[in-house]
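A.B. asks: Structure below; questions to follow.
The values are calculated or read from the model by the stated rules, or taken from the named source; none is laboratory data. These numbers were taken from a predicted model, which means no experiment stands behind them. Cβ placement follows ideal geometry from the backbone for every residue including glycine, while neighbour counts extend to all protein chains displayed.
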Amino acid sequence: MRAVKAAWTGAPAPAVRLLPRRLPVEQLPKGFEYPQHGIAIGIDETNLEPVFVDFESDPFFLIFGESESGKTALLRLIAKQLCERYSPEQARIVVGDYRRTMLEAVAPSHLLEYAPMASAMQLHMDAVNTVMTKRAPKPDITPQQLRDRSWWTGPQLFVLVDDFELVATNSGNPLAVLVENLPFARDVGIRFIVARNQAGASRAMYEPFMQRMRELGAQGVLLSGDPQEGDILGGVRARPMPPGRATFVSRKRGTPLVQLGWLPEQR
Ligand SMILES: Nc1ncnc2c1ncn2[C@@H]1O[C@H](COP(=O)(O)OP(=O)(O)O)[C@@H](O)[C@H]1O
Ligand SMILES: [Mg+2]
């Protein structure tokens, strides 16, 4: 090893820059700052530069982590960034939140529906499905229309679901009605951001909604979790990490380690 060092005449490796334990949201670009990149959710380990998620090109985003790893905090951050990125005419948000930990996460101007239990969730997912079916491209659609998405009008819909393990249970899943229409999500302006506890996540992959999201190339983050659950997303395993630290399983940028922005809870 010493011999290698002595023989090495190149520049020394740059000092490893460490991700902070807490990244105040003020240190991230605001939702409206880089519309062409989407919204910033954190910074990466390699350059300490913002990482963005663009739901217009990638409509599916999955969040896995054990309890207290930062799932709800990330959903709150995403909600804030979306409300800054889009006007209420451009985007509305539907929230499924059986633990009621996101009660004030979405600005009233953008909140379309809030579902704290299965009956409400079913009603709203049926409505989302109706929108998807109405907006689905007809067989006679022209390539030009497809490119500029001019055959439907209205806001994009963001479906934010926290604690998916409470939503999809043995007695049913209100999101199941959407499975058939999921391949159209990008074209019809419907986006899904789903957080699930990491415990039991490998089994839950065979749940049809989750499985279809993954087949359609969902991106996402793996917050702290047990490696023994196996590959969770993109062939990556979870591992123990501080809250708000995650592996970003991205379609374009590999799987960097990121620190997610921290948005204090409103009181
Ligand atoms: N991005 C973050 N940066 C720093 N600390 C965080 C971050 N996200 C969460 N935490 C810490 O972890 C705690 C639990 O976060 P929470 O989002 O409620 O976890 P979960 O929903 O996974 O149970 C928060 O109260 C906070 O102290
Ligand atoms: Mg939570």
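A.B. asks: Mind counting the residues in region 157-167 that are of a type in the set (D, E, K, R), within 25 Å of Ser109 (Cα to Cα) and outside any loop (DSSP other than H, G, I, E, B)? Full working, then the answer.
C.D. replies: So in region 157-167, the residues of a type in the set (D, E, K, R) come out as 162-163, 165.
Next, from what is left, pick out any that are within 25 Å of Ser109 (Cα to Cα): 162-163.
Right, trim to outside any loop (DSSP other than H, G, I, E, B) and you get 162.
Going through region 157-167 one residue at a time, the tally reaches 1.
A.B. asks: Quick check on region 114-124. Is at least one of its residues part of a loop (DSSP other than H, G, I, E, B) and either over 26 Å from Leu222 (Cβ atoms) or within 13 Å of ligand 1 (Cβ to nearest atom) (or both)? Can you show your working first?
C.D. replies: Applying the first criterion (part of a loop (DSSP other than H, G, I, E, B)) to region 114-124 yields 116-117.
Checking the rest, the ones that are also either over 26 Å from Leu222 (Cβ atoms) or within 13 Å of ligand 1 (Cβ to nearest atom) (or both) come to 116-117.
Yes, region 114-124 has at least one match.
A.B. asks: Residues being in a strand (DSSP E or B) and away from ligand 1 (no atom under 13 Å from the Cβ): count how many of those fall in region 53-83. Give the steps one after another, and end with the answer.
C.D. replies: From region 53-83, those in a strand (DSSP E or B) are 53, 60-65; that's our starting set.
With away from ligand 1 (no atom under 13 Å from the Cβ) added as a condition, the list becomes 53, 60-62.
Residues in region 53-83 being in a strand (DSSP E or B) and away from ligand 1 (no atom under 13 Å from the Cβ): 4 in total.
A.B. asks: State whether the residues of region 113-123 include one that is farther than 14 Å from Val161 by Cα and surrounded by fewer than 20 Cβ atoms within 10 Å (Cβ to Cβ). Outline the logic, then answer.
C.D. replies: Step one: of region 113-123, the residues farther than 14 Å from Val161 by Cα are 119, 123.
Cutting the leftovers down to surrounded by fewer than 20 Cβ atoms within 10 Å (Cβ to Cβ) gives us 119, 123.
Checked region 113-123: at least one residue is farther than 14 Å from Val161 by Cα and surrounded by fewer than 20 Cβ atoms within 10 Å (Cβ to Cβ).
A.B. asks: Quick one: which strands (runs of 3 or more DSSP E) lie wholly within region 186-259 and hold at least 1 residues that are farther than 22 Å from Pro174 by Cα and of a type in the set (Lys, Arg)? Walk me through it before giving the result.
C.D. replies: Working: elements: 190-197, 219-222, 231-233, 245-249.
Here the list reads 245-249.
A.B. asks: Moving on. Within region 3-52, work out how many residues are at pLDDT 70 or above, more than 16 Å from ligand 1 (Cβ to nearest atom) and polar (S, T, N, Q).
C.D. replies: Total meeting the criteria: 3.
A.B. asks: Consider region 239-267. How many of its residues are more than 20 Å from Pro50 (Cα to Cα), more than 16 Å from ligand 2 (Cβ to nearest atom) and not basic (Lys, Arg)?
C.D. replies: Result for region 239-267: 1.
A.B. asks: A follow-up question, please. Can you tell me which residue in region 127-156 is surrounded by the most Cβ atoms within 10 Å (Cβ to Cβ), limited to those that are basic (Lys, Arg) and not in a loop (DSSP other than H, G, I, E, B)?
C.D. replies: Of region 127-156, the ones basic (Lys, Arg) are 134-135, 138, 147, 149.
Filter once more, so that each one left must be not in a loop (DSSP other than H, G, I, E, B): 134-135, 147.
Values: Lys134: 10, Arg135: 19, Arg147: 8.
The selected residue is Arg135.
A.B. asks: Follow-up question, since we're still on this one. What are the residues in region 38-83 that are free of Cβ contacts under 8 Å to residues at least 24 places away in the same chain and of a type outside the set (Asp, Glu), if any?
C.D. replies: Applying the first criterion (free of Cβ contacts under 8 Å to residues at least 24 places away in the same chain) to region 38-83 yields 47, 49-50, 52, 54.
Answer for region 38-83, where residues must be free of Cβ contacts under 8 Å to residues at least 24 places away in the same chain and of a type outside the set (Asp, Glu): Asn47, Pro50, Phe52.
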